[in-house]
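Okay, structure first, notes after.
The values are calculated or read from the model by the stated rules, or taken from the named source; none is laboratory data. A quick note: this is a predicted structure, and the numbers were derived from the prediction, not measured. So basically every Cβ, Gly included, is an ideal-geometry build from the backbone, and we count neighbours across all protein chains shown. With ligands, DNA and RNA removed, areas are computed over all heavy atoms of the protein, side chains included. Shrake-Rupley method; radii C 1.70, N 1.55, O 1.52, S 1.80 Å.
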Amino acid sequence: MLKKAFIRIISLALILTIAGTLIALIILYYVNKGLPDHTTLKNYSPPVLSRIFASDGRLIGEHAQEKRIFVPYEYIPKKVIHAFLAAEDQNFFYHHGVDIISIVRAAITNVLSSGKRPGGASTITQQVARNFFLTNEVSLMRKLKEVILAIRIEQALSKERIIEIYLNQIFLGNRSYGVAAAALRYFNKSLENLSIPEIAFLAGLPKAPSTYNPTRNPQQSIARRNWVLERLWKTGMINEEESRLYSTYPIELAKRAETEIIQADYFQETVRKELLDTLGEEEFYGGGLFIKTSLDTRLQNICNEVFPKALLSLDKKHGWRGPLRNISAAASNPTDIKHWMDFLHQVDIDYVPDGWRLAIVTRLENNQTSLITEEGSGFIPIETMKWAGTPLRNGTPGPSIKTPEQALKVGDLIFVSRIKNNAYTLQQIPKISGGMVVMDPHTGRVLALNGGFSFQQSQFNRATQAMRQSGSSIKPFVYLTAFERGVKPTDIYVDEPISINLGEGLGIWTPKNFLNEFKGPMTVRKALETSNNMITIKLGQKAGMKNVARLLKKLNILDNPPIQLALVLGAGETTVYKMTTAYAMIANGGKQIKPTVIDWIQDRYGKIIYKHDNRSSKALHTSKWDGQTFPEIPNTRKQIINPVHTYILTSILQGAVENSSAKTAVVPGHVVAGKSGTSNDSKDVWYIGYSANLVVGIYLGYDAPLNMGKMATGGWLAAPIFQSFMTKALENDPPIPFKVPANAKLYRVNKNSGRPTAPNDPDAIWEIEWQKQPIFGPTEAIDPSTALSPEQLDTNPGIF
């Protein structure tokens, strides 16, 4: 009986073993059948953040969906590797993907801890398998897949490759993927410069980055860091004394210094949009690109200083629009400073400009306004807020205020900026905005760009996106077309009232000059210097509007210019980016250029994948320098305009600057040329000016076009910005005259009559001997029926 029972037991055990084995094999078959291809890790190439740099190598910005900086295994400090192994998988170099001892220990810990989450059960290889191929689902099936994949990964990859993948892939909070990105994000340090406590902090993050965030949960993050320090002691990286000492250290986070990052948000956005269009999102956000841009940090800093300051000044001339809100109704004790401070801390404002403070008005007196900011109590002297009168109405500013009660009330929430100590000045975000572009005329490289008062306030880039009527700033191209058709700067035209039949049923158009004055006979040079409307119209008719339109399209000012006389006075819409590029081709002597914000791009492996300037010289490839002649890079850009004609235009625009009564664009000690523009009803004002090596374009206006005030012109509003910028930009440069073309011949003429004259003539100027070299084909006559109505025309010359 015992023998039979024993046989039955053995048989049953055998059957169960076979059945169990078959079931296990079936489960493994189906699990194995659905497993992803782990060998793809051999070609691991993670998304890496792309970086944008200025021309001097300073960082402008970083772009990534996952902020990651890939670091090969051999460049990861051993102390960093040791710390992560001590925290996550101390037996990593001894197991084959699964650590049985850790699994058993975790199971026991789970039982003893009454269901609390166990730690240490998954090896680093299992974490790699889970992060790349599986979900975070908590199930036996997922765990089984993870184990099989981990074993296979260990068979396919070396230990060094696995830890390299892990340390570059792991999420460590704050949008940081990988240890290198996290080191920069939390401590602004490279891996080799991290201290032991900092390394321990990072090594403690993989378990729960949000839980151990030092900003949100400082105590938990310190406790986790100290646990890792204890593990470092027990695994021999540090001694017990060091562990205890480091445990007393605070976690001190560090941001990148402001001097390390260039503030060029609108420029950076221009680069981003261009690369998204050409490379696509995946390559731009994950390609690890090194993007060297054309940005000149010194010029951008000047732009950042001059342009917003000008917008603030201009906006203040239009008066005070009122506080952000008034909270006096909620005040239970208006004289209690703590009461107001509590209110201030509860205020939710989307955007506060750099250097400004939120403040609440607490008391009004005859000569000053008392207020409270987060820094404490302060006041606004009446002298600094006299501008805060009635807003602009019908183009006219209101009167200045005499007492603060005329502008403010107790409980008003306002913006202020500090003057000194506890004295502040009243501020408001300007409604008037605009764009500014600084360009190298010889290459088209954009050296600085500003698209508004603040990118944080509005991401609409007015330099590249705002389509506005150009006003009189278009006139130089009408004159250039006329020069190409045979008109001379010494030719005499009569400034007189004219009437043009617009066609059947459209009536007669009688255009006007600014101030409705007519000066009689004058030279073509004088007509452009003074931005004369009548003679500009006559020259448009003389040159042919199809020819004018063709030049505007050739220079990419307008995509589809209307064949209408209104075009010569600025009826067409363009951007200051395009207009600056067109003026650059005048400044460089008629060479074709294409504007660019990017010099070159390297991929993650250091290979150049894009280069704006592909010119080269054999002399540049020499292996040594022996004092030979400095190599010259040939200018292979296409000549699209006669250089003599562009020089004539430049000399006229130089005269427009120097002979203007207001002198608002004159740059002391330097030679510059330029032209202003003002659209209908003074809704948009322009100034485009240049020196021999720098072109600056400025546009000002409201986003929803409105009259900017009586006598608001490009000469009065935009030209002073050009003057301020160029004065700072050229302060250390010697004066450089505009280059006269090699084949040009100069002779003296009387500036009023245009006729040759003697050297002793007080009105003598140098003029250029005429050379006719058309580039467009036969002259085409104007069809008066194609003209626009007077309401569509710019009647402001813009220089006054």
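I'd like the Karplus ³J(HN,Hα) series for the stretch 577-583: coefficients 6.51, -1.76, 1.60, θ = phi - 60°, whole numbers in Hz, and an x wherever there's a Gly or Pro.
5, 5, 5, 5, 4, 5, 5
Identify all aspartates and glutamates with a Cα-Cα distance to Lys751 below 13 Å; exclude those on the same chain that are fewer than 8 residues away in sequence.
Reachable aspartates and glutamates: Asp491, Glu529, Asp761, Asp763, Glu767.
Restricting things to alpha carbons, tell me how big the stretch 343-401 is in terms of Rg and Dmax, in Å.
Final numbers for Rg and Dmax: 14.2, 40 Å.
If you roll a 1.4 Å probe over the stretch 209-336 with all protein chains in place, what percent of the accessible area is carbon or sulfur? Kindly include the intermediate steps, with their values, before the conclusion.
On the way: 3350 of 6900 Å².
The C+S portion of the solvent-accessible surface of the stretch 209-336 is 49 percent.
How big is the C-alpha Rg of the stretch 652-749 next to the rule-of-thumb value 2.2 N^0.38 Å, as a ratio? Don't jump to the answer; show the numbers that get you there.
On the way: Rg = 15.2 Å, N = 98, 2.2 N^0.38 = 12.6 Å.
Normalised Cα radius of gyration, the stretch 652-749: 1.21.
Can you pull the percent of Cα pairs in the stretch 531-585 with separation above 20 Å?
The share of Cα pairs beyond 20 Å in the stretch 531-585 comes to 21 percent.
For Tyr610, what residues show an amide H to amide H distance below 5 Å, using hydrogens built from the backbone and excluding near sequence neighbours?
Ile601
Counting other Cβ atoms within 10 Å, which GluC sites (Glu not before Pro) in the stretch 142-174 have at most 15 and lie in a DSSP loop? Show your work: numbers first, answer last.
Working: sites: Glu146, Glu154, Glu160, Glu164; in loops: none.
Those that pass, being in a loop and sparsely packed, number zero.
In whole Hz and in residue order, list the ³J(HN,Hα) couplings for the stretch 266-281 that follow from phi through the Karplus curve 6.51 cos²θ - 1.76 cosθ + 1.60, θ = phi - 60°; x for Gly and Pro.
Listing the rounded values in order: 5, 4, 4, 5, 5, 4, 4, 5, 5, 6, 5, 5, 8, 9, x, 5 Hz.
Restricted to Cα positions, what overall size does the stretch 441-578 have along the principal axes? Three whole-Å values, descending.
Largest to smallest, the principal-axis extents are 50, 39, 29 Å.
State the volume of the convex hull built on the alpha-carbon positions of the stretch 177-300, expressed per residue in Å³ and rounded to an integer.
Details: hull volume 18.2 nm³, N = 124.
Each residue corresponds to 147 Å³ of Cα convex hull volume.
What part of the accessible area of the stretch 471-547, given as a whole %, is carbon or sulfur when the probe is 1.4 angstrom?
Numbers: 1340 of 2690 Å².
Within the stretch 471-547, the accessible surface is 50 percent carbon and sulfur.
Using a 1.4 angstrom probe on the protein heavy atoms only, could you order Arg225, Arg244 from most to least accessible area?
Values: Arg225 5, Arg244 160 Å².
Solvent-accessible surface, decreasing: Arg244, Arg225.
Considering the dipole of the stretch 176-301 built from charges on the beta carbon (Lys and Arg +1, Asp and Glu -1) around the Cα centre, which of Phe284, Asn301, Val179 is farthest to its positive end?
My answer, from the dipole projection, is Val179.
Under a cut-off of 16 Å between alpha-carbon atoms, report the aspartates and glutamates in cross-link reach of Lys309, not counting same-chain residues fewer than 8 places apart.
Result set, ordered by chain and number: Asp354.
Can you compute the charge dipole magnitude of the stretch 194-234 about its Cα centre, using +1 on each Lys and Arg Cβ and -1 on each Asp and Glu Cβ, nothing else charged? Give it in debye, rounded to the nearest 20. Numbers along the way, then the final one.
Details: 6 positive and 2 negative charges, 25 e Å.
Around 120 debye, computed over the stretch 194-234.
Would you work out the relative contact order for the stretch 645-695, in percent, from Cα pairs under 8 angstrom that are 6 or more residues apart?
Numbers: 55 pairs, mean separation 14.3, N = 51.
Worked out over the stretch 645-695, it gives 28 percent.
Can you give the Rg to Rh ratio for the stretch 193-248, taking only C-alpha atoms and Rh from Kirkwood? Write down the numbers at each step before the final one.
On the way: Rg = 10.8 Å, Rh = 11.2 Å.
A ratio of 0.97.
When you take every Cα atom in the stretch 468-537, what is the radius of gyration, and what is Dmax, the widest Cα pair distance, in Å?
Looking at the stretch 468-537, its Cα Rg and Dmax stand at 13.0, 38 Å.
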